[in-house]
Amino acid sequence: MTPFESVNLFFTRAADICGLSESTRRVLSVSHREVRAEVPLRRDDGSLEVYIGYRVQHDNSRGPFKGGVRYHPGAELDEVRALASLMTWKTALVDVPFGGSKGGVQVDPSGLSRPELERLTRAYTRAMRGIIGPGIDIPALDMGTDAQVMAWMLDEYEELEGHSPAVVTGKPVALGGSPGRTSATGRGTIVVLDELMRVRGKDPAGTTLAIQGFGNVGSWAAKVAVERGYTVVAVSDVEGAIHRGGGIDIAALDRHATEAGTVVGFAGADPLDGDDLLTLDVDVLVPAALGEVIHHGNAEQISADIVLEGANHPTTPEADEILASRGITVVPDILTNAGGVTVSYFEWVQNTQRFRWPEERVNDELGLVLSSAFHNVHQLSIERSCSLRDAAFAIAVGRVAEAAELRGAL
Ligand code: GLU
């Protein structure tokens with residue numbers, strides 16, 4: 001099953017719960033538009049490389065297309081298509097007035113110099129010029145891209161179209177970015193975990209977390225988790241993993257990772273095999289890196305009580321069923337990692353209104369949006385005796401379907 005087929009399986013189950021008509025199902029199970037473009041790059045040594053870039057726009061019934069741009073060798077069309085559709089469901093679930101899209105360039109950014117990364121970003125932006133815009137489709141950061149990449153994207157777009165700060169989100173604050181955007185996705189995962197713990201009558205103290213990935217999502221999830229009293233016992237990145245039963249000093253780890261470029265070699269914990277992190281006996285497992293890392297081959301070995309999906313699509317549908325049959329709660333990606341796009345929306349609002357919010361306001365409003373989304377999902381999962389994922393997709397699909405049908409084309 002391809003990534004897009006997997007996401008569509010979740011969509012189909014939700015469509016059944018919502019009783020969606022055949023025509024609405026058909027429209028929402030394919031992308032609205034898919035652009036594949038050549039992205040030429042003049043390397044520093046004078047040679048020419050040609051990469052392939054995509055922008056997939058899944059649905060815009062509820063507002064302009066919205067979604068990140070990923071620089072990763074695995075950013076193939078089907079993968080980008082799956083991620084674009086997840087953005088449609090994510091924005092609908094947290095009820096921000098956007099649709100869903102995603103971009104990608106099949107490139108390993110770690111092999112490029114900074115000037116090369118800048119030229120690549122400008123070439124990608126020019127290639128997508130006609131289909132992005134503040135009221136059309138708003139890119140943001142994702143795996144392999146960061147605030148600096150957004151700054152270049154903004155600058156290239158403004159060269160062509162004039163002042164338009166709302167064309168990308170996740171920009172540096174100095175260029176109109178929102179305070180709190182960098183931490184938003186990681187913070188959001190922990191806000192959602194807090195709400196789950198509350199309805200279960202459990203306390204963060206004594207609750208252990210293993211976090212796969214120490215990039216933007218994983219590192220902020222770790223920091224906020226520790227702030228709120230959880231114990232982070234294991235962390236990994238592409239180089240390997242570390243473990244300390246009594247809890248890792250995340251501030252010290254952060255300093256080490258900034259200097260060394262990896263969590264590996266951190267003196268305050270023991271080394272661990274990267275794959276073993278997933279099967280550790282912890283209360284909460286947070287996959288916050290690549291997709292499809294929990295699959296039929298390892299789902300039986302997952303020992304956590306809760307899987308908190310910080311990454312997009314980290315669990316295959318097969319693994320999802322295995323985890324459910326083993327009584328493991330999966331908190332779905334479209335809820336758990338929706339903090340990023342929620343604060344992207346706040347950023348877009350601030351750009352549109354030419355008015356900046358203080359970080360405290362951003363974090364407070366993020367908390368309100370995610371806790372309300374969590375309680376809606378939790379309530380529906382009880383009413384329908386279904387998983388949190390099915391409930392989350394049902395709410396999202398219901399909202400998108402209503403908007404699409406009201407527009408009258410179906
Ligand atoms: N790339 C992030 C995501 O997958 C954020 C997207 C956005 O802010 O538009 O949710």
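Can you report the number of residues in region 165-176 which are among the small types (G, A, S) and within 23 Å of S371 (Cα to Cα)? Matching residues across region 165-176 total 1. Of all residues in region 109-158, those satisfying the criterion of being touching a helix residue (DSSP H, G or I) at 6+ places or on another chain (Cβ under 7 Å), more than 16 Å from the ligand (Cβ to nearest atom) and either of a type in the set (D, E, K, R) or over 17 Å from G53 (Cα atoms) (or both) are E118, R122, R126, R129, E156. Which residue is nearest to S236 (Cα to Cα), if the candidates are limited to region 286-320 and must be outside any loop (DSSP other than H, G, I, E, B) and touching a His at 6+ places or on another chain (Cβ under 9 Å)? Here the answer is T315.
May I ask you to list the residues in region 180-213 that are under 21 Å from L272 (Cα atoms), out of contact with any helix residue (DSSP H, G or I) (no Cβ under 6 Å at 6 or more places or on another chain) and not hydroxyl-bearing (S, T, Y)?
Initially, region 180-213 is screened for residues under 21 Å from L272 (Cα atoms), giving 207-213.
Subset that is out of contact with any helix residue (DSSP H, G or I) (no Cβ under 6 Å at 6 or more places or on another chain): 207-208, 213.
Listed by number, the list holds a single entry, G213.
A Cβ distance below 7 Å, combined with a sequence gap of six or more or placement on separate chains, defines the contacts here; from region 34-50, residues that are without any contact (Cβ under 8 Å) to a residue 60 or more places away in the chain reach residues that are among the basic types (K, R) and assigned to a strand (DSSP E or B) in the pairs L48/R42. Given the criteria without any contact (Cβ under 8 Å) to a residue 60 or more places away in the chain, over 22 Å from G213 (Cβ atoms), away from the ligand (no atom under 16 Å from the Cβ) and not β-branched (V, I, T), does E365 qualify? It is false that E365 is without any contact (Cβ under 8 Å) to a residue 60 or more places away in the chain, over 22 Å from G213 (Cβ atoms), away from the ligand (no atom under 16 Å from the Cβ) and not β-branched (V, I, T).
Conditions (1) under 23 Å from F374 (Cβ atoms); (2) away from the ligand (no atom under 16 Å from the Cβ); (3) part of a helix (DSSP H, G or I); (4) in contact (Cβ under 8 Å) with a residue 24 or more places away in the chain, marked per residue:
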position	(1), (2), (3), (4)
L160	no, yes, yes, yes
H163	no, yes, no, no
S178	yes, no, no, yes
A184	yes, no, yes, yes
D194	yes, yes, yes, yes
R198	yes, yes, yes, no
G201	yes, yes, no, no
L209	yes, yes, no, yes
F214	no, yes, no, yes
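Among the residues making up region 317-362, those that are of a type in the set (S, T, N, Q), more than 16 Å from the ligand (Cβ to nearest atom) and over 23 Å from A151 (Cα atoms) are S325, T329. Checking the conditions here, which among S385, S371, S381 is away from the ligand (no atom under 15 Å from the Cβ), of a type in the set (S, T, N, Q) and within 21 Å of A225 (Cβ to Cβ)? One residue alone meets the criteria, S371.
Here is a yes/no grid of residues against (1) aliphatic (A, V, I, L, M); (2) out of contact with any Ser or Thr (no Cβ under 7 Å at 6 or more places or on another chain); (3) closer than 23 Å to H313 by Cβ:
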{"position": "S110", "(1), (2), (3)": "no, yes, yes"}
{"position": "T125", "(1), (2), (3)": "no, yes, no"}
{"position": "R129", "(1), (2), (3)": "no, yes, no"}
{"position": "Q148", "(1), (2), (3)": "no, yes, no"}
{"position": "W152", "(1), (2), (3)": "no, no, no"}
{"position": "E158", "(1), (2), (3)": "no, no, no"}
{"position": "S164", "(1), (2), (3)": "no, yes, no"}
{"position": "V167", "(1), (2), (3)": "yes, yes, no"}
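Working only within region 57-91, note down all residues that are among the aliphatic types (A, V, I, L, M) and away from the ligand (no atom under 13 Å from the Cβ). Within region 57-91, just L77 meets the criteria.
Condition check for F98 on (1) part of a loop (DSSP other than H, G, I, E, B); (2) hydrophobic (A, V, I, L, M, F, W, C); (3) farther than 30 Å from F11 by Cβ: one failure, at (3).
Taken together, S47, S31 contain a single residue that is of a type in the set (S, T, Y) and surrounded by fewer than 16 Cβ atoms within 10 Å (Cβ to Cβ), which is S47.
For region 319-353, residues that are under 20 Å from C386 (Cβ atoms) and touching a residue at least 24 places away in the same chain (Cβ under 8 Å) total 16.
FYI, it's all coordinate maths here, none of it is from the lab. Only a predicted model underlies this, so the values are computations on that prediction, with no experimental measurement involved. Positions of Cβ are generated from backbone atoms using ideal geometry, with glycine treated the same way; all protein chains shown enter the neighbour counts.
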